[in-house]
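Engineer: Starting off with a structure, shown below.
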Amino acid sequence: MNYACCALLALPLLMAGCGRPVQIVDQAAFTEMARRMPEEMQARSIVDRSNSYTEALFGPADEAYGRILFGRLSPDFLPEKAAMFRARTFRELAAGSRARTSISRSSFTLETASQKIMVRMIGILDWEGAGRSSWLVSCLFQPRVGRSLEQYLLIPTPVAERGVLQARPAAMYECFGSACTMYVRDSAVPAAPAPAADPLSERTTVRESLPGLNQITTPPQEQRPDSSLRERSL
C-alpha cells in the first residue's frame, strides 16, 4: 500500500479527533491557558477531559507574529492606567511612553519604570465554533505594585498586510498576590443547577455572574496521557 492510500485511510481518523483543530504557536502559553480554564475549553470542544487537543493538519505560517502584533495591534483593551499616551498601536504606545522594547517571533514586551506589558501569540482556532478562525493572543499587564492582569484576546485572522488589528477579550486572569481568579466572557459552560433542598447533599459548582464575564471557580483537572491519533497531550 502506498503512502497516498495510507493518508486517505487515516483522514477519517484525523477528522474524528477530540474537537476543533488548533494551530499552536506558543505551546507553553496554550498549556497554561488550558490548565487555568479546563471546563471552558472543554465546553468549547478545544480540549477534551484529559486536556488533550486536536492538532490542525497544517500548522501556522512561519510569520513574525511578534512584529505584526507590535506594529498593528491596538492597545484599546488595556486597563486605563496602562494607556499612558493615546496610541493607535503598541508601536506608537512604546514610542510615546519611551518604554524598553523587546520583540521575538511570537511575542513582544514593553517595560517602563511602573509596569510591564507582554503580548504573546498563542495560536489560531475557532473559539466560538462559528466556522471563523481567530488569532488567540494573551496580554499580561503587570504593574510594579498592585494586581496583575492577563487577558486572553481574540483577533479576526488578518486578511491584509496593513491596518490596525482590533482585539476582543475572551477571558481574564486576575491576581492579587497569590490569589487569582479566572473570568470568562460569554461562557459556554452550562450554568450549575440550583442547590438541593437537603443541606447534606453534594454542593454544586459556584458561578458568579459579572457584567459580560463569568467567574470560574472549579479547580483544574489533573492531566492524563492520551495517545489518540493526531491528538496532542498537554
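Engineer: Here are some conditions: (1) within 28 Å of residue 44 (Cβ to Cβ); (2) open to solvent by 20 Å² or more (accessible area, probe 1.4 Å). Residue 88 meets all but one. Which one does it not meet?
Structural biologist: Result: residue 88 passes all but (1).
Engineer: Going by the conditions given, is residue 232 modelled with pLDDT under 90, outside any loop (DSSP other than H, G, I, E, B) and not hydroxyl-bearing (Ser, Thr, Tyr)?
Structural biologist: yes
Conditions (1) farther than 28 Å from residue 176 by Cα; (2) open to solvent by 60 Å² or more (accessible area, probe 1.4 Å); (3) aromatic (Phe, Trp, Tyr), marked per residue:
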site	(1), (2), (3)
32	no, yes, no
54	yes, no, no
65	yes, no, yes
69	no, no, no
96	yes, no, no
105	yes, yes, no
130	yes, no, no
136	no, no, no
139	no, no, no
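Engineer: Do the conditions hold for residue 186, that is, is it more than 30 Å from residue 91 (Cα to Cα), at pLDDT 85 or above and open to solvent by 60 Å² or more (accessible area, probe 1.4 Å)?
Structural biologist: Against the criterion (more than 30 Å from residue 91 (Cα to Cα), at pLDDT 85 or above and open to solvent by 60 Å² or more (accessible area, probe 1.4 Å)), residue 186 qualifies.
Engineer: If you don't mind, another one. Just checking: which of the helices (runs of 4 or more DSSP H) contained wholly in the range 1-81 hold 1 or more residues that are out of contact with any Phe, Trp or Tyr (no Cβ under 6 Å at 6 or more places or on another chain), over 27 Å from residue 117 (Cα atoms) and at pLDDT 90 or above?
Structural biologist: Numbers: elements: 3-15, 27-36, 38-43, 65-72.
Answer list for the range 1-81: 38-43.
Engineer: Also: For the range 39-50, name all the residues that are over 12 Å from the mean Cα position of the chain (by Cα) and closer than 18 Å to residue 128 by Cα.
Structural biologist: Across the range 39-50, the qualifying residues are 39, 42, 43, 44, 45, 47, 48.
The values are calculated or read from the model by the stated rules, or taken from the named source; none is laboratory data. For clarity, every value in this text was computed on a predicted model and none was experimentally measured. Positions of Cβ are backbone-derived with ideal geometry, glycine not excepted, and every protein chain shown enters the neighbour counts. Each accessible area value is taken on the protein alone, full model and side chains, heavy atoms only, with ligands, DNA and RNA left out. Shrake-Rupley method; radii C 1.70, N 1.55, O 1.52, S 1.80 Å.
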